[in-house]
Amino acid sequence: MKIFKTLILLVLVSSSMLLFAQVPQKEAAVKRPNIVIIISDDHAYQTISAYGSKMMQTPNIDRIANEGVRFDKAYVTNSICGPSRAVILTGKYSHKNGFKDNESSVFNGDQDSFVKQLQGGGYQTAWIGKWHLESKPQGFDFWQILPNQGQYYNPDFNMMDGSKKRVEGYVTNVITEETENWLNNRDESKPFCLVIGHKATHRVWLPDTADLGKFDQVNFPLPANFYDTYKGRKAAGIQDMSIAKTMLIGYDLKMFGSDEKENIDGNFKRMNVKQRAKVDAYYKPIEAKFNGLKLEGKALTEWKFQRYMRDYLSTAASLDRNIGRTLDYLDKHGLNDNTIVIYLSDQGFYMGEHGWFDKRWIYEESFRTPMVMRYPGLIKAGTVSDRFVMNLDIAPTVLEAAGLPIPKDVQGKSMLPVLKNKADKGRQVLYYHYYENGEHAVSPHFGIRTKRYKLIRFYKRVEGWELYDLKTDPDEMDNKYGKKGYEAITAGLNKELISQIEQFEDNDALRILEKDNKK
């Protein structure tokens, strides 16, 4: 009997120990945070009220910042749409992930990515919206992506089964609706990672009908360097991305000159009757007034600037509203306390600075991107971080948050240490490399940014160097390279540039510098 009682006791103890071992694992799985990453396109930090913008209010992006952290020094590795997304996915620079430009690159989906790591670690994964990587997504349990850039009205989607689906409506609203459909039908026993890829605010800045005319009563001040002469900056002088010369009256600003030209425009011909009527009712009177003005020279350029600003910001209004809708969904379904939300643009954008629109440059307005992050329980509400972070860092950040190992070949750094520990200074130098040598005539270039200085090497289209003291010249108007008194600073920066190139194994840049040394 004594032996029998002992056996029963051992069985009970063993069962209890087994149960105790299993429960924390189950709880840990439940507590692993859900992840929502919202990526916009060409959204300028200068237009976001969380960053101090007076151009418009963005209450929902601000909400993420107010409930989490606003990164004031967030940057990209290569300021162009497709390459930026490839960097976010892989945590690797363009020369490592293979997607260097939008002209010839195709993303190799066979390579590792943070979503594959999450999927393998028990996460349910999805990407909905703009993809722009020229290949089928891998590592996702579900995807529904816009072909190429996508369309603002009644967008088509490429589906997982190879079919194409057209959805009536405005693209920013539609993408939000499709993400909610996926969330409603997900496997609730698993944590999830959802990437929402918005088309807005990409060219041609076509607003939702609800936002047409939203900023028509605002007269936006010209940036101080709107009429930049590009003195001492050869690459800037030969670009083709100015509001004055490059921005098109028809394609960009919807002043087509005739119904026939409007009817063949891809954005307009896909509208349904009601959409087209509302859009025409807005733009036609503006065009009639414009035709009567017969503007030329600076007057025409400044009119184009005002129209650009009004269309761009009206397009951004829908973006912010739909981000709020996503946040509200998380609240309504009890997901907000255990969901990381990251909002960023794929790069910065010009709002008339230097007379430009578009991106591409290592100059601040293009290189720097908005990034805000909410992580309940870890990030204190209202945090403002001045640490250098990059889109390169998102992959290791979410992997660390999910409790998964970060692959050794990931080149980014988790942002969590600098958020947990104020003494952690994070990276001190940013490395950048832009490759494309076609659209907008922006010369390929690479360089570094430190807290105070920026050193740039242009090549191919333009061969040369630039150096900026960001403390005395934050608008990057005065190229100090080769000027007296900057010899020691230049030498130190050049040494740091070589160190960064070697650290990230950018052999393309290294070969250029080796040729320089042989001259």
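The values are calculated or read from the model by the stated rules, or taken from the named source; none is laboratory data. Quick caveat: nothing in here was measured; it's all calculated off a predicted structure. FYI the Cβ positions are ideal-geometry reconstructions off the backbone, even for glycines, and counts take in every protein chain you see.
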Hits in the range 490-519 (condition: of a type outside the set (Lys, Arg) and outside any helix (DSSP H, G or I)): PHE504, GLU505, ASP506
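Filter the range 397-419 for residues that are outside any loop (DSSP other than H, G, I, E, B) and among the hydrophobic types (A, V, I, L, M, F, W, C); which is surrounded by the most Cβ atoms within 10 Å (Cβ to Cβ)? Show your work before the answer.
We begin by selecting, within the range 397-419, every residue outside any loop (DSSP other than H, G, I, E, B); these are 397-401, 416-419.
Checking which are among the hydrophobic types (A, V, I, L, M, F, W, C) leaves us with 398-399, 401, 416, 418-419.
Values: VAL398: 26, LEU399: 22, ALA401: 17, LEU416: 19, VAL418: 22, LEU419: 23.
The selected residue is VAL398.
Could you tell me which residue of the range 488-498 is nearest to the chain's Cα centre (by Cα), considering only residues that are free of Cβ contacts under 8 Å to residues at least 40 places away in the same chain and surrounded by 13 or more Cβ atoms within 10 Å (Cβ to Cβ)?
Initial filter on the range 488-498 (free of Cβ contacts under 8 Å to residues at least 40 places away in the same chain): 488-492, 494-495, 498.
Checking which are surrounded by 13 or more Cβ atoms within 10 Å (Cβ to Cβ) leaves us with 489-490, 492, 494, 498.
Values: ILE489: 32, THR490: 31, GLY492: 31, ASN494: 29, ILE498: 27 Å.
Looking at the filtered set, the residue picked out is ILE498.
Say we look at the range 259-277 and pick out the residues that are closer than 17 Å to VAL204 by Cβ and of a type in the set (D, E, K, R); which of these is surrounded by the most Cβ atoms within 10 Å (Cβ to Cβ)? Talk me through it step by step, then tell me what you get.
Here is the first cut: in the range 259-277, the residues closer than 17 Å to VAL204 by Cβ are 261-271, 275-276.
Filter once more, so that each one left must be of a type in the set (D, E, K, R): 261-262, 265, 269-270, 276.
Numbers: LYS261: 13, GLU262: 21, ASP265: 15, LYS269: 11, ARG270: 16, ARG276: 17.
If we take residues in the range 259-277 being closer than 17 Å to VAL204 by Cβ and of a type in the set (D, E, K, R), then GLU262 is surrounded by the most Cβ atoms within 10 Å (Cβ to Cβ).
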Going by what's in this entry, would LEU253 be described as of a type in the set (A, V, I, L, M, F, W, C), in a loop (DSSP other than H, G, I, E, B) and touching a Lys or Arg at 6+ places or on another chain (Cβ under 8 Å)? yes
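Grab the strands (runs of 3 or more DSSP E) fully contained in the range 78-196, keeping just those with 1 or more residues being crowded, with 20+ Cβ neighbours inside 10 Å and in contact with a Gly (Cβ under 7 Å, 6 or more places away or on another chain).
Details: elements: 124-130, 142-146, 156-159, 164-166.
Once the strands (runs of 3 or more DSSP E) in the range 78-196 are filtered for at least 1 residues that are crowded, with 20+ Cβ neighbours inside 10 Å and in contact with a Gly (Cβ under 7 Å, 6 or more places away or on another chain), what remains is 124-130, 142-146.
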Conditions: (1) touching a Leu at 6+ places or on another chain (Cβ under 6 Å); (2) over 27 Å from HIS202 (Cβ atoms). ARG307 meets all but one. Number of the miss? (2)
Hey, PHE142 free of Cβ contacts under 8 Å to residues at least 60 places away in the same chain, not assigned by TED's automatic domain parsing to the domain that holds ARG270 and not polar (S, T, N, Q) or not: yes
Return a yes/no flag: does the range 445-465 have any residue that is on the phi > 0 side of the Ramachandran plot, part of a loop (DSSP other than H, G, I, E, B) and of a type outside the set (Asp, Glu). yes
Suppose the filter is loosely packed, with under 15 Cβ neighbours inside 10 Å and not basic (Lys, Arg); does LEU295 pass it? yes
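Can you confirm whether LYS451 is surrounded by fewer than 16 Cβ atoms within 10 Å (Cβ to Cβ) and modelled with pLDDT under 95? Before you say what the answer is, go through the steps one by one.
Values: surrounded by fewer than 16 Cβ atoms within 10 Å (Cβ to Cβ): yes; modelled with pLDDT under 95: no.
Criteria not met by LYS451.
In the range 235-258, what count of residues is obtained for those that are surrounded by fewer than 16 Cβ atoms within 10 Å (Cβ to Cβ) and touching a residue at least 60 places away in the same chain (Cβ under 8 Å)? Can you show your working first?
Going through the range 235-258, the residues surrounded by fewer than 16 Cβ atoms within 10 Å (Cβ to Cβ) turn out to be 237-238, 240, 245, 248, 250-251, 257-258.
Add one more test, that the residue is touching a residue at least 60 places away in the same chain (Cβ under 8 Å), and what stays is 238, 240.
Final tally of qualifying residues: 2.
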Filter the range 199-234 for residues that are assigned to a loop (DSSP other than H, G, I, E, B) and of a type in the set (Asp, Glu); the one that is surrounded by the most Cβ atoms within 10 Å (Cβ to Cβ) is ASP208
Selection over the range 27-76 where residues are out of contact with any Gly (no Cβ under 9 Å at 6 or more places or on another chain), at pLDDT 95 or above and part of a helix (DSSP H, G or I) yields a count of 6
When only residues in the range 328-381 that are in contact with a strand residue (DSSP E or B) (Cβ under 7 Å, 6 or more places away or on another chain) and part of a helix (DSSP H, G or I) count, which is nearest to LYS304 (Cα to Cα)? GLY355
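So is GLY464 in contact with a Ser or Thr (Cβ under 9 Å, 6 or more places away or on another chain) and of a type in the set (Gly, Ala, Ser) or not? Give the steps one after another, and end with the answer.
Values: in contact with a Ser or Thr (Cβ under 9 Å, 6 or more places away or on another chain): yes; of a type in the set (Gly, Ala, Ser): yes.
Judged against the criteria, GLY464 is a match.
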TYR123 is checked against (1) hydroxyl-bearing (Ser, Thr, Tyr); (2) within 20 Å of LEU404 (Cα to Cα); (3) free of Cβ contacts under 8 Å to residues at least 60 places away in the same chain and fails just one. What number does that condition carry? (3)
Of the residues LEU319, LEU313, LEU330, LEU295, which single one is touching a helix residue (DSSP H, G or I) at 6+ places or on another chain (Cβ under 9 Å) and assigned by TED's automatic domain parsing to the domain that holds SER258? LEU295
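Considering only residues that are buried (at least 21 other Cβ atoms within 10 Å of the Cβ) and of a type outside the set (Phe, Trp, Tyr), which ones fall in the range 310-325?
Of all residues in the range 310-325, those buried (at least 21 other Cβ atoms within 10 Å of the Cβ) come to 310-320, 322-323.
Within the range 310-325, ARG310, ASP311, LEU313, SER314, THR315, ALA316, ALA317, SER318, LEU319, ASP320, ASN322, ILE323 meet the criteria.
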